[in-house]
Amino acid sequence: MDMPPVLPPPLPRKSGALGAVALLFAAGAVLAAGALFSFPEERLGLRLGLLIAAIFCGVVGVVLSIVGMTKGSGSPALTAAALVLNAGALITAGYFGEKISEQVAVELPAIIRGATAQDHSDETDGLEVASQPIVQSPGAMTFSDVEPIYQRWGEEKLLAAYESAGSRDPRWDDTARQYIRGWYYWRYSGGTKKGSEMPEWRRQLLEAGCRDPLVLYIAAQIYPQTEEHISLLTQAESAAAASGYSPALLFLIRSELFRARWNLKQRDIARAGVPACAETLRAALLERPLTADDHFVWSYLLASHASGFLLEQAGETICDTVDGVEGLEPWLKHQIRGRHEKELAWQARGKGWANEVKPDGWRGFEEHLALAREHLTKSWELNPNHPAAAATMIAVAMGSSQDAPTEMRLWFDRAITARFDAIQAYDSFMWGLRSRWHGSPAAMLALGQQCLATERFDTDVPWQLVEANRDIASEWDEPDAYYPERAPYGDLKRMFEGYLAAPAQAEHQTQYRSHYAVVAAKCGDETTARAQLEAVGFTLDPGVAQEWKVDPKEFIRRYGKKETPIEKEAPAAH
C-alpha cells in the first residue's frame, strides 16, 4: 500500500506575532493610563500627552488582538490577555478623559493666552491704573493697629474665659494657657510664636485627660476635614454648651463643625446644624453691648475661616440673624449682606468662561451684583474707615462695571486709605488684573512693583511683588519656566533684602530667608539660594516649603551644605 508522502510541518503564519505585538501595546497603554494617577491637575500638558498615548496604544492593541483572534494565530491566551489589558487601559483612560476634558474647558483658554512669554508680551490692558503709586494716607491703619484689637478680644473671650469657666486642673493649666495663646496668635495675628511647640502641648493636654472645650476645639484643627476632626469638635460642642464660656466660642465650634461635615459630604447633617449656629451667633452678639473693637472683630470673624464658609453656604440665615440684632451698627449689617449677595452672584454665574454661562446665570449674576453694590456702598458710606466693604466692592466692579479697571482702582484706593495693608484689597485687585478679566501680566507686575516702591517693610505690602509673580507664573503651562525667563529678579532681591533689614520683621527671618532661597533657586541663582540656607542653619521652613510645593530634603540636598567625606560616613543622629 502506498503510504502518503510525509510533508514538512507548515511554516508559521506571519500573523502569529500579533498577540505579542498587541501585548506590547497593552503594556504601553497600561503604563500611560497608570501614570495619569501620578501627575497633579496643574500638569495639564503632560496629562493630555499621557491620555493621548494611552488611547492610541489601547486602540491599536485592541485592533491587533481582534485580528489575531479572527485569524486564529498565535497563542489564544496571550492574545486574550492583551485584549483584556488594552480594554482595561482604555476604560481607565476614558475615566481620566472625562476629568481632563473638564479641566481643559476651564484652563486651556488661559494656557493658550499665557503659556509662553511671547503670547502676552505686548498686552498692556490695565497697565495705566496698575502703574499708579500706592496711596499712603497718614491716617490709614496697618496690621500693627489691628492686631491689639484681636488680641484684646481673644484675651477676654478665650484666655480670661478659660480662667473663669474652663476645665481647670493644676496638671495642665500652664500648658493649656500656652496652647490657647499660641493658637490664637497664629490664627488671628498671623504670627509664628511658639509654633513648633504646639503639637507637643496638644499631646500633653490630651494625654493628661484635659477635655476643656476650648482646648478640644484648638486640638481638632490638626485633623482638618476628617472624622477625628468631627469627633473632637463634637466633644468640644457638648462641653462648651455645658460650660460658662462665651457663646462666641460655641459659635466658632459649630461653624467649624458645619464646614467639616459639609466638606466630608455630610451635607444634610451640616444643614440641620445651621439653626443652632444662628442661635449661638445671636447670643454672642447680644452677650453685651458691642464696642467698636467688637464690631471690628465680628466683621473679620463672619468673613473668614469656618464662619466665613458658613456665610457662603447659609448666608441668608446668617444675614437674617445679623439684621435682627438690635445695637449692631448698620455699616456691619450692610457689609455682611453685601458679602452674601456678592457670593450669590458668583454662584449664579458659575466658574466657567463667559461663553459657558447660561442666560439664567447671567440674570442672577447681574441681579445679585446690583444688590451687593447697594449694600456695600452703603456700608462704606456709613464707615469709610473700615476697609472690608471697599475691598469687597473690587470684585463687584470687576463683574459689573462699565469701566472695570478704573472702578476697581477707585475701590482699591478707598480700601487701603482705611487700612494700608488690607491684603484682601490687594488680592482682589490683582485677580481683576489677570488677562481673563481686565488686565494683563504687565499690569499685575506693575502693581507688584508699585507695592515694592512703598518700601513699607513693616507691612505685607511690598510682599505683593512676590504674589504678583506667582500669579503670573500660574498662567503659564510650566510655572517654573516663568522665573528664569521673565521674573524681575533684581526687584525680588531688593524686596527680600528690605524685609531682612526691617526691625519689625526680626522674628520672621527664617521664613523670609526660606522664601528668598526658593525664589533665588527658581531664578537660577544657586549662590544666593545656598547663602540664605546657610544663614538659617541649612533648614527650610516647613510652611514655606509647602507653600512653594518644594521637597525640603531634596531642596537642601541640592542647594544646601555640601557634605564632606567625613560627614557622609558619620552615623545619623538619633
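The values are calculated or read from the model by the stated rules, or taken from the named source; none is laboratory data. Because the structure is predicted, anything quoted here is derived from the model rather than measured. Don't worry about glycine lacking a Cβ; one is built from the backbone with ideal geometry, like all the others, and counts go over all protein chains shown. Each accessible area value is taken on the protein alone, full model and side chains, heavy atoms only, with ligands, DNA and RNA left out. Shrake-Rupley method; radii C 1.70, N 1.55, O 1.52, S 1.80 Å.
Two-decimal Rg/Rh of the stretch 412-485 from alpha-carbon positions, Kirkwood Rh? Numbers along the way, then the final one.
On the way: Rg = 12.4 Å, Rh = 12.6 Å.
Radius of gyration over Kirkwood radius for the stretch 412-485 works out to 0.99.
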Of all accessible heavy-atom area on the stretch 278-416, the percent that carbon and sulfur account for (1.4 Å) = 51 percent
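Name the trypsin sites (Lys or Arg not before Pro) in the stretch 243-318 that are in a loop by DSSP and that have at most 16 other C-beta atoms within 10 Å, would you? Don't skip to the end; give the middle numbers.
Details: sites: Arg254, Arg259, Arg261, Lys265, Arg267, Arg271, Arg282; in loops: Lys265.
Answer in residue order: Lys265.
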Cross-link reach list, aspartates and glutamates versus Lys522, counting only Cα pairs under 13 Å and skipping chain neighbours closer than eight places = Glu478, Asp480, Glu485
Charge dipole magnitude, Cβ of K and R +1, D and E -1 - the stretch 180-291, Cα centre, debye nearest 20 | 300 debye
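Sort 405-412, 503-510 for me by packing, meaning the mean count of neighbouring Cβ atoms within 10 Å per residue, highest on top.
So the peptides 405-412, 503-510, ranked by packing, come out 405-412, 503-510.
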Global form of the stretch 133-188, assessed from the alpha-carbon gyration tensor, a/c cut-off 1.5 = prolate
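Order these peptides, 366-376, 288-298, by their mean beta-carbon neighbour count within 10 angstrom, highest first. Each step should come with its number before you reach the end.
Numbers: 366-376: 19.5, 288-298: 16.1.
Per-residue Cβ counts within 10 Å, averaged per peptide and sorted highest first, yield 366-376, 288-298.
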Overall dimensions of the stretch 329-456 as given by Cα atoms, namely Rg and Dmax in Å | 14.7, 47
Is the stretch 187-286 best put as rounded, prolate or oblate by its Cα gyration tensor, with a ≥ b ≥ c the root eigenvalues, rounded for a/c under 1.5, and otherwise prolate when a/b is larger than b/c, oblate when not?
-> prolate
Looking at this model, which pairs from Lys265/Lys351; Lys358/Lys549; Lys493/Lys553 are more than 31 angstrom apart at the alpha-carbon?
-> Lys358/Lys549
Treating only the Cβ atoms of Lys and Arg (+1) and Asp and Glu (-1) as charged, compute the dipole magnitude of the stretch 455-522 about its Cα centre; round to the nearest 20 debye.
-> 280 debye
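Which whole-number value in Å³ per residue fits the convex hull of the alpha carbons of the stretch 253-309?
Details: hull volume 3.5 nm³, N = 57.
Convex hull volume per residue, Cα atoms: 61 Å³.
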